[in-house]
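Every number here is computed from the coordinates shown, using simple stated rules; none is lab data. Note that this is a predicted model, so its numbers are computed, not measured. Virtual Cβ from ideal backbone geometry, glycine too; neighbours counted across all protein chains shown.
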Amino acid sequence: MGSQRENPSDNEAQAPVASHAGAQPASPPALQAASQSAASIAPIPRRKLGHEVQERLLAEIRSGHFPVGSLLPSERELMARMGVGRPAVREGLQALERMGLISIVHGEGARVQPLSADSVISQISASAVHLLSGDRQLLEQLKDARLAFEVAMARTAAMRASDEDIATLRAALDAHRASLGDPVRFLETDLALHKTIAVVSGNPVYVAVSQALLHWLQNFYEDLVRAPGAEAVTVVEHGRIVECIARQDPDGAERAVREHLTRANQRYHSGAIESTPRASDSGDAGHEPAALS
Ligand SMILES: [Zn+2]
């Protein structure tokens with residue numbers, strides 16, 4: 001890239017809008033035909049320049065030409081190499097920043113960031129929330145997908161957990177148990193335990209997808225009036241899952257996850273999406289986010 005400047009006349013004001021074809025009705029037919037056949041390599045319309053910059057830089061990042069941690073060329077250099085104006089370069093860089101691929105530090109430049117599951121998920125989630133709100137059926141499909149993932153992760157975790165993994169899982173369970181009576185903390189430790197199981201499964205795709213599913217499901221979460229004993233039941237269920245993994249018992253782990261999620265899934269209702277917020281935002285002592293997951 002950067003070897004061609006398809007628009008050498010460009011300056012700060014961006015490339016000219018593609019207004020060539022048919023713009024001069026008085027041209028001789030031969031000239032018109034030539035101008036139309038050249039349309040495919042015509043200047044990129046202004047509104048697409050930023051996107052084009054983004055695509056090209058993306059390709060360079062993907063190819064490893066700009067590895068994680070490296071600085072991209074300066075705005076000025078990118079302008080010169082791509083033959084576009086500053087607005088297009090900024091637009092492209094900002095789009096990459098929104099994707100979580102680079103960070104732009106004033107005075108330093110744009111640096112390539114490691115891509116994390118979290119940054120990918122936060123990308124997906126905004127549009128997913130929108131998508132979900134329009135389709136009630138999706139709630140059931142999400143629950144099913146989450147169950148399938150959690151089962152697969154627990155089974156895999158049971159087959160491959162090391163002593164260290166088991167110690168980590170037990171520590172997560174202890175933290176969870178210790179948060180009984182503190183609804184916000186209880187929810188956090190619940191989610192953390194599930195994430196630990198995902199991590200122990202050893203597959204980062206499981207981690208990313210299960211976190212995304214959970215994120216989307218939270219849009220449906222409905223606060224329930226405190227159900228006495230629900231927290232204790234949740235802790236017992238989580239304990240069963242952890243112990244099955246520790247015993248290297250995939251079938252037992254699957255059963256425990258199914259029982260746990262079949263009960264917990266009842267906490268998600270399609271009506272909840274308009275009503276609001278996530279349980280953890282409520283802070284209301286009369287409500288309890290006990291069995292989100
Ligand atoms: Zn749970």
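Before moving on, here are some points about what is shown:
- Computing FRET efficiency as 1/(1 + (r/R0)^6) for residue 148 and residue 185, where r is the C-beta to C-beta distance and R0 is 25 Å, gives about 0.30.
- Its residue count N sets the reference 2.2 N^0.38 Å, and the alpha-carbon radius of gyration of the range 49-115 equals 0.97 times that reference.
- Förster radius 30 Å - calculated FRET efficiency between residue 104 and residue 192 (Cβ-Cβ, nearest 0.05): 0.45
- For residue 203, distant residues with modelled amide H under 5 Å away: none
- Residues whose amide H falls under 5 Å from that of residue 102, counting only those 5 or more places apart or on a different chain, are 97, 113, with hydrogens built in the peptide plane.
- Nitroxide proxy distance, nm - points 7 Å out along Cα→Cβ at residue 178 and residue 251: 3.6
- At 0.890 mPa s and 25 °C, Stokes D of the range 137-241 from Kirkwood alpha-carbon radius, µm² per second: 170
- In this simple spin-label approximation, residue 81 and residue 60 carry label points 7 Å from Cα along the Cα→Cβ vector, and these lie 0.3 nm apart.
- Integer Hz, Karplus 6.51/-1.76/1.60 couplings in order for the range 197-212, x for Gly and Pro: 4, 4, 5, 5, 5, x, 10, x, 5, 4, 4, 5, 5, 5, 5, 5
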